[in-house]
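See structure below.
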């Protein structure tokens with residue numbers, strides 16, 4: 001069995017338990033069925049015996065009434081004779097019907113004829129008693145008239161047969177009960193035994209190998225790899241686990257070997273690192289000498305001395321740096337000499353540009369301010385109209401959304417009404433089902449009562465069955481009580497559901513009225529939104545025209561501002577450049593030529609208008625665009 005998979009082992013073990021339990025449950029069910037059948041037959045026997053007793057008692061009463069009339073000639077006895085004679089017919093017919101079903105028709109076959117003979121004798125005796133001439137003789141022979149001997153014999157045969165059958169059924173009932181109890185006892189013991197055997201098999205076949213495997217894995221985790229993994233020859237999941245653990249053991253051995261190789265490689269790497277560190281120290285000393293000389297030269301260069309140079313040679317790998325530094329310093333000196341000459345020429349040009357732009361700025365200032373105020377006013381009006389149009393659109397959208405929500409609410413209310421109607425229908429069906437359950441509980445109570453009576457008749461052998469019948473009767477009574485309580489709850493919930501349906505219908509009517517009002521409001525909002533859009537479009541066209549005029553003026557003012565600012569900035573930068581060049585000591589040995597005149601520091605007029613609201617393409621077109629705008633102005 002060790003080659004089966006774990007799932008198959010569990011299936012085989014638990015299937016055996018289920019098979020045994022199912023077998024004994026079937027036997028117990030058969031015993032209960034036999035008990036139920038015997039109880040029903042005993043109930044039928046009691047009914048037949050009671051019916052026979054009722055027939056005999058009725059005939060006796062009829063006989064006594066006849067004798068009373070013969071003895072006293074009282075007319076009341078005639079009524080009693082007729083009443084009991086009429087009552088015998090239905091009882092006799094019911095007994096014949098039961099006899100045809102119960103298999104004792106032959107026994108009761110003579111009974112109708114005997115009853116008919118008895119009735120004829122009764123009628124004959126009454127006729128003789130009514131005649132005064134025969135009354136005395138009738139009184140003397142009354143004891144031998146209308147006797148029940150034959151009827152008693154037939155009913156006694158029926159009673160004896162039914163009592164014998166009832167006794168046999170009681171014995172079979174006791175045997176079935178004993179078989180049921182024995183079945184439950186043996187089944188329980190056998191189930192416990194099989195469960196114990198299954199537990200032992202699972203413990204030996206699954207538990208012990210798993211414990212051994214756990215110990216092997218714990219040793220592997222502790223670093224021990226010279227192990228032998230057991231159960232590798234098994235073909236179930238434990239065998240697969242053992243093979244996997246063996247793979248882990250092999251991998252651990254390989255990892256230990258790789259760690260030894262890595263340690264040797266780390267030792268070799270450390271030796272190479274020490275050798276490279278010595279080489280780096282030597283190179284660092286050479287670099288320190290080169291960088292210290294270069295640092296001294298750069299310090300003199302930072303102080304403005306362009307006559308400095310590196311004359312002492314460096315190490316071969318740093319010699320290129322010294323040569324390039326000397327070339328750069330010489331080139332920088334030549335460049336600064338040329339810049340000094342260009343700075344003098346820039347001073348004269350910037351002075352003339354500054355004077356021209358200041359004059360142009362004053363002339364465009366007033367026009368730009370006026371257009372700016374007009375454009376700002378139109379912008380504010382346009383914004384207000386656009387906001388009004390936007391609010392009307394939002395109101396229209398809100399009204400449309402409200403319409404849709406009202407329609408959806410109406411649909412939800414309709415669905416709710418349908419759901420409440422279905423709930424009401426379900427409540428009625430549940431009430432009917434509870435009625436059926438109540439009737440079943442009543443019938444069960446009667447059956448348990450009859451079973452208790454039969455058990456009491458059985459004496460000592462029926463005590464156990466009487467206890468069971470009493471328990472069944474109590475269960476039936478509790479079921480009837482619970483069914484009645486549930487029926488009351490269903491009746492109350494039906495009333496609540498009807499009220500809910502009425503309220504939901506009223507809600508649907510109110511929602512439909514609100515939906516009509518919302519549709520009317522939506523139409524008015526559509527008209528307002530259309531008018532606001534047309535007004536906003538007209539103002540937008542006017543605003544566009546004014547903005548175009550304002551844009552042209554702002555472009556002119558911006559170009560003047562840019563020109564003025566550029567001139568002032570150019571003059572300032574040229575002065576700074578001249579001051580910077582004076583800080584350097586050049587190789588010519590002669591002082592630098594500096595223009596003595598200074599650019600007039602006329603302040604640039606600043607426009608009072610607000611910044612241009614739109615992007616101005618002319619401001620990014622360079623000097624050519626500035627020249628064209630100036631000529632157009």
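What list do you get for 155, 274, 126, 489 if you sort them by fewest beta carbons within 10 Å? Mind dumping the intermediate values first?
Numbers: 155 23, 274 8, 126 19, 489 14.
Least crowded to most crowded, the residues run 274, 489, 126, 155.
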Bins of 10 Å, beginning at zero and ending with the bin holding the largest distance: percent of Cα pairs per bin for region 188-335, please.
9, 18, 12, 10, 8, 8, 9, 10, 8, 5, 3, 1
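Can you divide the C-alpha Rg of region 14-70 by 2.2 N^0.38 Å and report the result to two decimal places? Could you put the intermediate results ahead of the total?
Details: Rg = 24.8 Å, N = 57, 2.2 N^0.38 = 10.2 Å.
Relative to the 2.2 N^0.38 Å estimate, region 14-70 comes out at 2.42.
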How do 88, 495 rank when sorted from fewest to most other Cβ atoms within 10 Å of their own Cβ?
495, 88
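For a footprinting-style exposure proxy, rank 84, 517 by other Cβ within 10 Å, fewest first.
517, 84
Using alpha carbon coordinates only, what is the Rg to Rh ratio of region 226-282, with Rh defined as the Kirkwood radius? Each step should come with its number before you reach the end.
Details: Rg = 21.5 Å, Rh = 14.6 Å.
Rg divided by Rh gives 1.47.
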Relative contact order, percent, region 266-384 [alpha-carbon distance under 8 Å, six or more residues apart]:
16 percent
If the chain between residue 257 and residue 384 were fully stretched, how many nm would it gain, using 0.36 nm times the residue separation less the Cα-Cα distance?
37.3 nm
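Let a ≥ b ≥ c be the square roots of the eigenvalues of the Cα gyration tensor of region 126-195; is it rounded (a/c under 1.5), or, if not, prolate (a/b larger than b/c) or oblate? All intermediate terms of the calculation are to be shown ahead of the outcome.
On the way: a/c = 10.77, a/b = 7.96, b/c = 1.35.
Prolate, because a/c is 1.5 or more and a/b exceeds b/c.
Considering Cα pairs under 8 angstrom that are at least six residues apart, work out the relative contact order of region 50-103 and quote it in whole percent.
40 percent
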Output the direction-averaged projected area (hull surface divided by four) of the convex hull of the alpha-carbon atoms of region 87-237, in nm².
18.7 nm²
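No value in this document is a laboratory result; all are computed from the given coordinates. Bear in mind that the values here come from a model prediction, so they are computed numbers and not experimental data. A quick note on method: Cβ atoms are made from the backbone with ideal geometry, for glycine too, and the neighbour counts reach across all protein chains shown.
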